[in-house]
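Worksheet for the structure shown next.
The values are calculated or read from the model by the stated rules, or taken from the named source; none is laboratory data. The structure displayed is predicted, hence computed values, not measured ones. Positions of Cβ are backbone-derived with ideal geometry, glycine not excepted, and every protein chain shown enters the neighbour counts. Heads up: the accessible areas ignore ligands, DNA and RNA and are worked out on the full protein's heavy atoms, side chains in. Shrake-Rupley method; radii C 1.70, N 1.55, O 1.52, S 1.80 Å.
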Amino acid sequence: MQFFIDTGNLKEIEALVPLGIVDGITTNPSLLAKEVAEPRAHLKRICELVQGPVSAEVVATDAEGMVREGRELAAIDEHIVIKVPFTKDGVKACRTLAGEGYRVNVTLVFSPTQALMAAKVGAAYVSPFVGRLDDIATPGMRLVEEIVDIFENYEFGTQVLVASVRSPTHVVEAARMGADVCTCPAAVLEAMFKHPLTDIGLERFLKDWAKAQEALAAKG
Ligand code: E4P
């Protein structure tokens with residue numbers, strides 16, 4: 001399973017990319033709005049840092065506008081994936097853009113039928129939002145399970161990108177279900193590095209080693 005970071009923040013990207021676990025980035029208008037930067041230059045910098053797929057979302061709501069904006073976003077860098085919302089216009093725009101060879105991430109997916117329609121029009125990724133479903137007492141991961149099951153019956157070439165991730169538990173479940181990608185806030189990836197037994201174990205190893213060195217030095 002690929003790990004993307006769900007962020008528009010350069011510091012978070014710069015901290016996590018060198019670890020070698022980051023395959024790509026997803027942004028959205030809310031995330032980019034937090035950064036005080038010219039959006040095109042900012043997206044270009046993100047692409048340079050990650051050297052993998054970077055989802056950049058259109059803000060037009062009509063199909064024609066989405067296609068125009070999508071082409072402009074894709075011109076920023078070869079790593080840009082055009083993100084469109086799942087609406088009738090988004091589906092129409094996805095069909096046009098995918099037909100022109102662009103990679104499209106259909107976002108704001110909340111049902112298996114939406115995912116199926118996005119796949120039919122050539123989406124490279126569909127993004128089910130698990131956390132936002134959990135927020136309204138609907139099991140988000142159940143949606144991922146259904147989409148993965150459905151896609152296994154066909155040969156769409158559309159990847160399931162688990163989005164709106166809130167905790168490492170979502171990541172574990174996504175991997176068990178065979179999702180292609182999980183996009184996580186930096187805090188979730190940071191949390192995945194932490195285990196108290198790792199810290200305690202390392203401290204003990206180093207202490208024992210230091211003690212042995214001291215004993216050796218004392219012997220002369
Ligand atoms: C995905 O591409 C979206 O940017 C994101 O995962 C939305 O997550 P949120 O529900 O935490 O805003």
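Could you work out the local net charge near Ser167, counting Lys and Arg as +1, Asp and Glu as -1, over the other residues with Cβ closer than 11 Å to its Cβ?
Net charge around Ser167: -1.
For the stretch 121-214, report the % of Cα-Cα distances exceeding 15 Å.
66
Divide, for the stretch 61-220, the radius of gyration over alpha carbons by 2.2 N^0.38 Å, where N is the residue count.
Working: Rg = 22.5 Å, N = 160, 2.2 N^0.38 = 15.1 Å.
Taking N as the residue count of the stretch 61-220, the ratio is 1.49.
Report the local net charge at Pro128: Lys and Arg +1, Asp and Glu -1, summed over other residues whose C-beta lies under 15 Å from its C-beta. Provide the component values of the computation, followed by the final result.
Values: positive: Lys83, Arg132, Arg142, Arg166; negative: Asp6, Asp134, Asp135, Glu145, Glu146, Asp149, Glu173, Asp180.
Residues near Pro128 contribute -4 overall.
Are there GluC sites (Glu not before Pro) in the stretch 149-195 that DSSP puts in a loop and that have at most 12 other Cβ atoms within 10 Å, and which ones? Could you put the intermediate results ahead of the total?
Values: sites: Glu152, Glu155, Glu173, Glu190; in loops: Glu155.
Here the sparse-neighbourhood loop sites are Glu155.
For the stretch 138-216, what is the accessible area per residue in Å² when the probe is 1.4 Å? Walk me through the intermediate numbers first.
Numbers: 5030 Å² over 79 residues.
Result: 64 Å² per residue.
Find how much the distance from Glu152 to Thr138 grows on full extension, using 0.36 nm per residue of separation minus their present alpha carbon separation; answer in nm with one decimal.
Working: separation 14, 0.36 × 14 = 5.04 nm, distance 2.33 nm.
Fully extending the segment from Glu152 to Thr138 adds 2.7 nm.
How much accessible surface area, in Å² rounded to 10, belongs to the heavy atoms of Asp208 with a 1.4 Å probe?
About 80 Å², rounded to the nearest 10.
So how tilted is helix 140-152 from the main axis of the chain? Cα-based, degrees 0 to 90, rounded to 10.
Result, in degrees: 70.
In whole Hz and in residue order, list the ³J(HN,Hα) couplings for the stretch 156-169 that follow from phi through the Karplus curve 6.51 cos²θ - 1.76 cosθ + 1.60, θ = phi - 60°; x for Gly and Pro.
With coefficients 6.51, -1.76 and 1.60, one gets 6, x, 9, 8, 8, 10, 6, 10, 6, 7, 10, 7, x, 4 Hz.
Quick one: putting +1 on the C-beta of Lys and Arg, -1 on the C-beta of Asp and Glu, what dipole do you get for the stretch 1-80 around its Cα centre, in Debye to the nearest 20?
Dipole about the Cα centre, nearest 20: 140 debye.
Just tell me which lysines come within less than 21 Å, Cα to Cα, of Lys120; anything on the same chain fewer than 8 places away is out.
List returned: Lys83, Lys88, Lys92.
Compare Ala123, Ala60, Ala163 in a GNM of the chain, Cα atoms joined below 10 Å, and give the one with the largest fluctuation.
Highest fluctuation of the listed residues: Ala60.
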